[in-house]
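Trainee: Structure incoming, see below.
The values are calculated or read from the model by the stated rules, or taken from the named source; none is laboratory data. Because the structure is predicted, anything quoted here is derived from the model rather than measured. All Cβ positions, glycine included, derive from the backbone under ideal geometry; neighbour counts span all protein chains shown. Remember, those area values only see protein heavy atoms, side chains included, never the ligands or the DNA or RNA. Shrake-Rupley method; radii C 1.70, N 1.55, O 1.52, S 1.80 Å.
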Amino acid sequence: GKSGYDHYMLKEIHEQPRSLRQCLSERVDELAGTVDIDDLADLNPRGVQFVACGTSYHAALYGAELFQQAGIPAQAFLASEYASSPPPIGDALVIGVTQSGETADTLSALREADRRGARTLGVTNVVGSTVARECDHVFYIRAGPEIGVAATKTFASQLAALNLLALGMAGGDDTRELIGALRDLPGQVQEVLDESGARAVAETYLESDAYFFIGRGLNFPVALEGALKMKEITYKHAEGFAAGELKHGPLALVTDQTPVFAVVTGDGEQARKTIGNVKEVEARDAPVIAVTDGQSDVERYADHVLRVPETHPRTAAVLANVQLQLVSYHTAAELGRSIDKPRNLAKSVTVE
Ligand code: F6R
């Protein structure tokens with residue numbers, strides 16, 4: 001049942017600390033500063049292609065960035081477009097990210113990868129699913145069953161699992177810091193859940209017809225995911241943009257009626273540039289909601305602030321996403337939407 005929550009979606013948002021712990025359990029050795037992904041550590045890919053749909057595609061975009069940062073060329077493809085993509089480079093690994101393991105588009109992309117001679121790895125939540133059975137290798141995200149049609153805890157666990165895979169296959173300079181950040185992540189998600197502030201923001205902008213989400217780098221997939229969740233469960237127009245793209249067209253849509261959620265974590269170059277984009281929307285009188293860890297001065301340009309604890313740049317995306325999940329949830333709840341079963345959508349899409 002819903003354990004006292006009004007919707008499965010809210011229950012599942014609140015289950016994230018636990019599902020993240022399950023994903024990480026026995027796979028990180030903090031003392032040794034290592035991760036254990038069994039024989040997947042030996043895959044040694046010279047290049048990685050991700051294939052996925054929807055929310056899982058956003059996780060794939062994030063995953064591709066992690067491998068890139070570790071020096072392994074990686075790209076994410078929409079599974080439904082994979083057939084017309086460039087073939088994988090020699091000895092590539094094609095990773096299908098799919099919580100259900102049954103998505104037809106993802107399955108056929110993985111079959112295409114197999115025909116092209118690539119090795120395949122399924123990252124999924126469902127033991128014994130078609131993807132788990134058909135791929136050469138499988139890595140389970142261990143999020144537990146997800147009933148709400150809108151993916152929430154499975155997305156968080158996909159991001160955690162992709163961190164483990166990138167660390168286990170490619171390593172990195174700051175492995176120890178990241179392992180510490182992953183260990184702290186479930187507790188920090190709990191902190192966000194305990195004092196989110198998202199409900200008040202949702203109530204403030206209930207009347208808006210359009211919502212925009214911007215982010216850069218690892219926060220770009222968070223912006224896309226924030227917008228997808230908003231569309232799915234509120235039926236409102238929502239778009240996610242790479243922050244730098246705003247001025248190349250979408251800025252024409254920005255008015256005092258369009259709240260802009262800006263995901264800004266850290267205080268580096270990316271934060272500085274995104275704050276530049278925030279100033280551009282602020283100059284058009286758009287309400288700005290900063291989702292931030294407080295390290296930069298983005299709050300100065302924001303009408304509302306949704307805080308997340310400070311963490312590693314990689315794990316920051318998970319925390320920021322929880323705030324956006326809650327904004328969409330509370331918006332949909334106030335509007336009386338059918339949150340767990342949005343119109344026209346199915347939990348697993350088994351047609352191409
Ligand atoms: C959005 C959502 C969908 C799925 C997509 C892929 O909330 O759930 O966008 O992410 O249909 O599903 P899986 O991950 O099962 O392949």
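Trainee: Quick one: the Cα spread of the stretch 7-133 along its three principal axes, in angstroms, biggest first?
Mentor: 40, 39, 26
Trainee: For the chain, modelled as a GNM with alpha-carbon contacts under 10 angstrom, which of Gly122, Gly249, Gly240 fluctuates the most?
Mentor: Looking only at Gly122, Gly249, Gly240, the largest GNM fluctuation is found for Gly249.
Trainee: Debye calculation, C-alpha points only, no solvent: report log10 I(q)/I(0) for the stretch 226-267 at q = 0.27, 0.31 Å⁻¹, in the same order as the q values.
Mentor: Debye output, listed in q order: -1.10, -1.19.
Trainee: Let me ask something else about it. Quick check on the chain: of the DSSP beta bridges with both residues there, what percent are antiparallel, nearest 5%?
Mentor: 5 percent
Trainee: Of the listed peptides 31-37, 218-224, what is their order by residue-averaged count of other C-beta atoms within 10 Å, with the highest listed first?
Mentor: Highest mean packing first, the order is 218-224, 31-37.
Trainee: Taking every DSSP beta bridge with both residues inside the stretch 1-159, roughly what % is antiparallel (nearest 5)?
Mentor: Approximately 10 percent, going by the DSSP bridge assignments.
Trainee: If you wrap a convex hull around the alpha carbons of the stretch 139-294, what volume per residue comes out, as a whole number of Å³?
Mentor: Considering the Cα atoms of the stretch 139-294, their hull volume per residue is 137 Å³.
Trainee: May I ask which of Lys153/Lys279; Lys231/Lys341; Lys153/Lys247; Lys236/Lys273 have a Cα-Cα span longer than 23 Å here?
Mentor: Lys153/Lys279; Lys153/Lys247; Lys236/Lys273
Trainee: Now, a different point. Setting aside same-chain residues fewer than 8 positions from Lys2, which aspartates and glutamates have a Cα under 16 Å from its Cα?
Mentor: Result set, ordered by chain and number: Glu12, Glu15, Glu146, Asp340.
Trainee: Counting heavy atoms of the protein chains only and a 1.4 Å probe, report the per residue accessible area for the chain as a whole number of Å². All intermediate terms of the calculation are to be shown ahead of the outcome.
Mentor: Working: 14110 Å² over 352 residues.
Per residue, the chain has 40 Å² of solvent-accessible surface.
Trainee: How high is the relative contact order of the stretch 1-143, in percent, with contacts defined as C-alpha pairs under 8 Å that are six or more residues apart?
Mentor: With pairs under 8 Å counted, the relative contact order is 20 percent.
Trainee: Residues with beta-carbon under 12 Å from that of Asn277, excluding Asn277: net charge, scoring Lys, Arg +1 and Asp, Glu -1? Intermediate results must be reported in sequence, preceding the final value.
Mentor: Working: positive: Arg216, Lys247, Arg272, Lys273, Lys279, Arg284; negative: Glu245, Glu280, Glu282.
So the environment of Asn277 carries a net charge of +3.
Trainee: Could you please report the charge total around Glu352, scoring K, R as +1 and D, E as -1 over all other residues with beta-carbon less than 13 angstrom from its beta-carbon?
Mentor: -3
Trainee: Let me ask something additional. Taking the stretch 76-132, which trypsin sites (Lys or Arg not before Pro) meet the DSSP loop condition and have no more than 16 other C-beta atoms within 10 Å?
Mentor: Listed in order of number, the matching sites are Arg116.
Trainee: Quick one: Debye curve from the C-alpha atoms of the stretch 68-176, no solvent, what's log10 I(q)/I(0) at q = 0.09, 0.13, 0.17, 0.20 Å⁻¹?
Mentor: Here log10 of I(q) over I(0) equals -0.23, -0.49, -0.83, -1.12.
Trainee: Please compute the Cα-Cα pair-distance distribution of the chain with 10 Å bins starting at 0, giving whole percents from short to long.
Mentor: With a bin width of 10 Å, the distribution comes to 6, 27, 35, 25, 8, 0.
Trainee: Then there is this: Within 10 Å of each candidate Cβ there may be at most 15 other Cβ atoms; applying that plus a DSSP loop requirement, which chymotrypsin sites (Phe, Trp or Tyr not before Pro) in the stretch 1-68 survive?
Mentor: When the chymotrypsin sites (Phe, Trp or Tyr not before Pro) of the stretch 1-68 are filtered for loop state and at most 15 Cβ neighbours within 10 Å, Tyr5 remain.
Trainee: Given 10 Å bins starting at zero, what is the percent of C-alpha pairs of the stretch 289-345 in each, up to the one with the largest pair distance?
Mentor: Each 10 Å bin holds this share of Cα pairs: 21, 40, 26, 13, 0.
Trainee: Can you tell me, using C-alpha contacts under 8 Å and at least 6 residues apart, the relative contact order of the stretch 115-180 as a whole percent?
Mentor: 23 percent
Trainee: To continue, here is another question. Let me have the 222 nm mean residue ellipticity of the chain computed from DSSP H runs of 4+ only, each contributing -39500 (n - 2.57), with the sum over all residues rounded to the nearest 500. Provide the component values of the computation, followed by the final result.
Mentor: Values: 11 runs with 146 residues, N = 352.
-13000 deg cm²/dmol, from helical runs alone.
Trainee: Counting only protein heavy atoms, what percent of the accessible surface of the chain is carbon or sulfur at a 1.4 Å probe?
Mentor: 45 percent
Trainee: Moving on to the next point. Bin all alpha-carbon pair distances of the stretch 125-210 at 10 Å intervals from 0 and give each bin's fraction as a whole percent.
Mentor: 13, 31, 31, 18, 6
Trainee: Could you rank the peptides 259-266, 164-171, 283-290 by their average count of other C-beta atoms within 10 Å per residue, with the highest value first?
Mentor: On the way: 259-266: 28.1, 164-171: 21.5, 283-290: 18.8.
Ranking the peptides 259-266, 164-171, 283-290 by packing returns 259-266, 164-171, 283-290.
Trainee: Further question: Along each of its three principal axes, how wide is the spread of alpha-carbon positions in the stretch 174-218, in whole angstrom units, largest first?
Mentor: Principal extents (largest minus smallest coordinate, Cα): 45, 27, 8 Å.
Trainee: Hey, another quick one. Within 10 Å, count the other beta carbons around each residue, average over each peptide in 306-317, 82-93, and list them highest first.
Mentor: 306-317, 82-93
Trainee: To continue, here is another question. Per q in 0.09, 0.11, 0.20, 0.22 Å⁻¹, report the Debye log10 I(q)/I(0) for the stretch 225-338, using one uniform scatterer on each alpha carbon and no solvent.
Mentor: The Cα Debye sum returns log10 ratios of -0.22, -0.34, -1.13, -1.32.
Trainee: Also, I was wondering about something else. Give the Cα extents of the stretch 27-76 along the principal axes, in whole Å, largest first.
Mentor: Largest first, the stretch 27-76 extends 36, 24, 19 Å along its Cα principal axes.
Trainee: Can you give the relative contact order of the stretch 211-286 as a percent, counting alpha carbon pairs under 8 Å and 6+ residues apart? Walk me through the numbers on the way to the answer.
Mentor: On the way: 114 pairs, mean separation 27.5, N = 76.
Taking the mean separation of contacting Cα pairs over the length of the stretch 211-286, I get 36 percent.
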